[in-house]
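Report on one structure; see the data block that follows.
The values are calculated or read from the model by the stated rules, or taken from the named source; none is laboratory data. What you see is a predicted model, and the numbers here were worked out from it, not measured in a lab. Neighbour counts are summed over all protein chains in view; Cβ atoms, including those assigned to glycine, are modelled from backbone coordinates with ideal geometry.
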Amino acid sequence: MNELVTKAVVLAAGRGTRMRELTRSMPKPMVEICGKPVLSYIVEGLRDAGVRKILIVVGYRKEVVMGHFGDGSTAGVEIVYAEQIRQDGTGKVVELAEEFCGADPFILSYGDILVDPSSYLLLTKPGDADILLTVRHTEDASKGGAVYVNERFEVVDLREKQLHEDVTTSWYNAGVYAFKSTIFSYVARLEKSPRGEYELTDAIRAMARDGRKVQAVEIKGYWADVRDPEILSALNVRPPGDDG
């Protein structure tokens, strides 16, 4: 099946406590880089990749997001919203997208992950894969989600925050995905992780272990996890896409 992906889900419900006073009045995805919210870079990148409908999952200070983007017409897309009432992990929040997505495939991005806009294009043609999972090459995958692949570059396992000496892969999870509707039955039966949250990566791991095709996709160009004021400051000095 060569269905093009024209829907996307962006998770923008969190406050981002590591941003400290910067998120007192706004959710983390709305902090600005060079005068523009992080979320605007994501929305515009998805639009330029051919996405036409976007569901933004809101929560903390939702009115800031909704007031800025409205129905999406000024950004050239259609935007609707779903509210995450309980902050109980990335797994269950995906369930909020089921009505919006229906049987259609969709791109999912965290609201604080910035990538080169061309990376979204790689996710618009999932083919026969149930999941496309973006990865980056690294010298130390213990700092994030370590991704283990086979000779066909298909994901066989995901491990969060392993000890450095236990990691045997050089790929880590870049935090942007394309899913088919098969993901919903897996997130529906998630159990809480040792952290007390429903983890999206647990659902992805279960799909891989069941023989579902979870294809890794390497993305290049810039990538940033806008997780703290230090990274934000660096991006304001050298914004996304500035190779100078």
remark   = If we keep only residues of the stretch 46-68 that are surrounded by 23 or more Cβ atoms within 10 Å (Cβ to Cβ) and in a helix (DSSP H, G or I), then the residue modelled with the lowest pLDDT is V65
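Out of everything in the stretch 73-124 that is acidic (D, E) and either under 17 Å from the mean Cα position of the chain (by Cα) or closer than 21 Å to M30 by Cβ (or both), what residue ends up being surrounded by the most Cβ atoms within 10 Å (Cβ to Cβ)? Spell out the reasoning first.
To start, the set of residues in the stretch 73-124 that are acidic (D, E) comprises 78, 83, 88, 95, 98-99, 104, 112, 116.
Applying the additional criterion that residues be either under 17 Å from the mean Cα position of the chain (by Cα) or closer than 21 Å to M30 by Cβ (or both) yields 78, 83, 88, 95, 98, 112, 116.
Details: E78: 14, E83: 11, D88: 13, E95: 16, E98: 15, D112: 24, D116: 16.
Only one residue fits best here, namely D112.
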note = The one condition Y186 fails out of (1) closer than 18 Å to T90 by Cα; (2) in contact with a helix residue (DSSP H, G or I) (Cβ under 9 Å, 6 or more places away or on another chain); (3) in a strand (DSSP E or B) is (3)
inquiry  = What's the total number of residues in the stretch 150-194 that are exposed (fewer than 14 other Cβ atoms within 10 Å of the Cβ), touching a residue at least 40 places away in the same chain (Cβ under 8 Å) and farther than 22 Å from D210 by Cα?
reply    = 0
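Based on what the data block shows, is G50 closer than 29 Å to V237 by Cα and among the small types (G, A, S)?
On the way: closer than 29 Å to V237 by Cα: no; among the small types (G, A, S): yes.
Answer is no for this residue.
Being of a type in the set (A, V, I, L, M) and farther than 27 Å from G221 by Cα narrows it down to one residue among A146, A97, A75; which is it?
Working: A146 fails: farther than 27 Å from G221 by Cα; A75 fails: farther than 27 Å from G221 by Cα.
Of A146, A97, A75, the one residue that is of a type in the set (A, V, I, L, M) and farther than 27 Å from G221 by Cα is A97.
Taking the stretch 80-94, which residues are within 17 Å of S193 (Cα to Cα) and not small (G, A, S)? Spell out the reasoning first.
Within the stretch 80-94, the first condition is being within 17 Å of S193 (Cα to Cα), and the residues that meet it are 86-94.
Matches in the stretch 80-94: R86, Q87, D88, T90, K92, V93, V94.
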task = Could you check how many residues of the stretch 200-244 are in a loop (DSSP other than H, G, I, E, B), of a type in the set (D, E, K, R) and modelled with pLDDT of 90 or more?
result = 3
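Restricting to the stretch 195-217, give me the number of residues that are loosely packed, with under 14 Cβ neighbours inside 10 Å and within 15 Å of Y148 (Cα to Cα).
So the answer is 2.
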